[in-house]
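Please read the structure below before turning to the comments.
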Amino acid sequence: MPIPEFTLRELAAAVEATVDGDTTVIVRRVATLDSAGPDAITFLTDPRQRSKLATTRAAAVIVAPDFAAATALP
């Protein structure tokens with residue numbers, strides 16, 4: 001069975017989210033910040049995990065709108 005894949009644009013539209021970046025990136029799986037690869041989407045819910053954004057290999061990270069500015073890397 002083929003692995004389903006979606007663009008960030010399609011995923012964002014499905015959940016009424018905003019993408020800050022390349023909406024054509026293909027996502028094939030969900031993973032943790034630590035285990036994500038370039039085909040994965042992950043999420044950040046705990047501000048104490050912010051430092052992991054610098055090392056995650058995820059294609060995209062989901063964050064709450066009111067938390068997005070605080071997660072931007074310098």
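The values are calculated or read from the model by the stated rules, or taken from the named source; none is laboratory data. Bear in mind that the values here come from a model prediction, so they are computed numbers and not experimental data. Here the Cβ is made from the backbone with ideal geometry for all residues, glycine too, and neighbour counts use every protein chain on show. Each accessible area value is taken on the protein alone, full model and side chains, heavy atoms only, with ligands, DNA and RNA left out. Shrake-Rupley method; radii C 1.70, N 1.55, O 1.52, S 1.80 Å.
Here are the numbers for this structure:
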item: Label-point gap, in nm, between T55 and T32 - each point 7 angstrom along Cα→Cβ; result: 1.3
item: Surface share of carbon and sulfur [accessible, 1.4 angstrom probe, percent] for the chain; result: 59
item: Fluctuation leader among A14, A58, A40 - the chain, Gaussian network, Cα springs under 10 angstrom; result: A14
item: Accessible solvent surface per residue of the chain, calculated while the other protein chains remain in place, 1.4 angstrom probe, Å²; result: 72
item: Local electrostatic count at A31 - Lys and Arg +1, Asp and Glu -1, tallied over other residues with Cβ under 15 Å; result: +1
item: Residue among T55, T32, T23 with the largest mean-square fluctuation in a Gaussian network model of the chain, springs linking Cα atoms under 10 Å; result: T55
